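The values are calculated or read from the model by the stated rules, or taken from the named source; none is laboratory data. No experiment lies behind these values; they were computed from the predicted model shown. Every residue, glycine among them, receives a Cβ derived from its backbone with ideal geometry; neighbour counts consider all protein chains shown. Heavy atoms of the whole protein, side chains included, go into the accessibility calculation; ligands, DNA and RNA do not. Shrake-Rupley method; radii C 1.70, N 1.55, O 1.52, S 1.80 Å.
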Amino acid sequence: MVVIMDTRLVDGKLYSTAELALLLGIDPSSLRRWRTANPPTGPAFVRVSPRVVKYAAEDIEAWLRDSRTDPRHLAA
């Protein structure tokens, strides 16, 4: 029997700035600063309108994985 483990960190929805900030445990202003940095940092985002920004779960997932630091690989 093969057991497949779901390794996603977030589900397949769109998150607002406030929702993602709550999920990450950070202030929403951090996400806004990351979006307006030159170059932008943080997870990829979708500008739905001039005042509405959404973050796709798969983009959050990719950003979290890319930002991950494994201490085992640092101790070389």
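Kindly list, by first and then second residue, each pair from a residue in the range 58-76 that is charged (D, E, K, R) and modelled with pLDDT of 90 or more to a residue that is open to solvent by 100 Å² or more (accessible area, probe 1.4 Å) and in a loop (DSSP other than H, G, I, E, B), limited to pairs with Cβ atoms under 7 Å and residues at least 6 apart or on different chains.
As it stands, the answer is E61/R8; E61/L9, since those pairs meet every condition given.
I26 passes all but one of (1) modelled with pLDDT of 95 or more; (2) part of a strand (DSSP E or B); which number fails?
So I26 meets the others, but not (2).
In the range 15-49, what residues are of a type in the set (F, W, Y) and without any contact (Cβ under 8 Å) to a residue 12 or more places away in the chain?
Pass one, the range 15-49, residues of a type in the set (F, W, Y): 15, 34, 45.
Hit for the range 15-49 is W34, nothing else.
I'm checking my understanding of the structure. Among residues of the range 36-61 that are more than 15 Å from L14 (Cβ to Cβ) and under 12 Å from the mean Cα position of the chain (by Cα), which one is surrounded by the most Cβ atoms within 10 Å (Cβ to Cβ)?
Filtering the range 36-61 down to residues more than 15 Å from L14 (Cβ to Cβ) leaves 36-42, 50-51.
Cutting the leftovers down to under 12 Å from the mean Cα position of the chain (by Cα) gives us 41-42.
Values: T41: 13, G42: 20.
Within the range 36-61, the match that is surrounded by the most Cβ atoms within 10 Å (Cβ to Cβ) is G42.
Output the residue which, of all residues in the range 21-35 that are open to solvent by 50 Å² or more (accessible area, probe 1.4 Å) and in contact with a helix residue (DSSP H, G or I) (Cβ under 7 Å, 6 or more places away or on another chain), is nearest to W63 (Cα to Cα).
Among those residues, the one meeting the criterion is R32.
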